[in-house]
Amino acid sequence: MRLTRETTLRPRGAGAEGGRAPTARRELAAPDYRGPVTNNKDRAAKAIAVVHKAIFLTSKGRVAGKFYGMPALQLTTTGRKSGQRRSTMLTAPIVEDDRIVIVASYGGDDRNPLWFGNLVAHPEVGVVIGGKDRTMHARVADAEERAELWPRVTEAYKGYAGYQTKTDREIPLVILEPKS
């Protein structure tokens, strides 16, 4: 489905006077599979991410480099449908030399976050953490890895355990490893 919006075309500096200006149909970006942002939780999450990202990138992580006591990172994925680069701010409850673990909790929502579907489809991702920009390979932790990692994740931020009780889905853990 293509969304369009009718736009009035006016020369620069022209006001509303002088009759009716011609109109054109402008194509709008297609909404994701969940549809446009329609509820307060989605709006709040987007607003927080925009502000956090601006502060993080402007300061190269010196400000807003931690969130809820965990390292903050910018994850850049490739859109599974659009092929366009998409970035979002996340926290990393586990950061080790050879791997970073992120949590696809979406605050305990019954849906996975959009970035999760993108990295499953295109596992090569960009990560900015601690002032460094890295290309990494993303994979979903298997059952055994999740069982080992989940207690460490909830120890880093107890909110994740609460998120798991709010949803019937098992919240995925994503392991980011250096690209080989």
**Study point:** Extreme residue, surrounded by the most Cβ atoms within 10 Å (Cβ to Cβ), among residues of the range 127-145 that are over 21 Å from ARG86 (Cβ atoms) and in contact (Cβ under 8 Å) with a residue 24 or more places away in the chain
**Key:** ALA141
Point to revise | Which listed residue is touching a Pro at 6+ places or on another chain (Cβ under 8 Å) and of a type outside the set (A, V, I, L, M), from TYR157, TYR163 | key: TYR157
Point to revise | Single unsatisfied condition, THR58 versus (1) over 15 Å from the mean Cα position of the chain (by Cα); (2) under 24 Å from GLY159 (Cβ atoms) | key: (2)
Check your understanding: Counting just the residues of the range 155-180 that are under 13 Å from LEU90 (Cβ atoms) and hydroxyl-bearing (Ser, Thr, Tyr), which one comes out surrounded by the fewest Cβ atoms within 10 Å (Cβ to Cβ)?
Key -> TYR157
Review point. Given the conditions (1) within 22 Å of ASN39 (Cβ to Cβ); (2) buried (at least 18 other Cβ atoms within 10 Å of the Cβ), and given that PRO71 satisfies all but one, which numbered condition is not satisfied?
Key: (1)
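Each row is one residue, and each column tells you yes or no for (1) at pLDDT below 95; (2) under 13 Å from THR78 (Cβ atoms); (3) among the basic types (Lys, Arg).
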site	(1), (2), (3)
VAL101	no, no, no
SER105	no, no, no
ASN118	no, yes, no
ILE129	yes, no, no
ALA141	no, no, no
ALA147	no, no, no
Check your understanding: Taking ALA104 and the conditions (1) out of contact with any helix residue (DSSP H, G or I) (no Cβ under 7 Å at 6 or more places or on another chain); (2) in contact (Cβ under 8 Å) with a residue 40 or more places away in the chain; (3) of a type in the set (A, V, I, L, M, F, W, C); (4) under 23 Å from ASP42 (Cα atoms), which numbered condition does it fall short on, given that it satisfies the others?
Key -> (1)
**Study point:** Inter-residue pairs, beta-carbon under 9 Å, first on the phi < 0 side of the Ramachandran plot and in the range 62-87, second of a type in the set (Phe, Trp, Tyr) and surrounded by fewer than 17 Cβ atoms within 10 Å (Cβ to Cβ), 6+ apart
**Key:** LYS81/TYR33
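The values are calculated or read from the model by the stated rules, or taken from the named source; none is laboratory data. Note that the structure is a prediction, hence the values are computed from the model and not measured. Please note: Cβ atoms are built from the backbone with ideal geometry, for glycine as well, and neighbour counts cover all protein chains shown.
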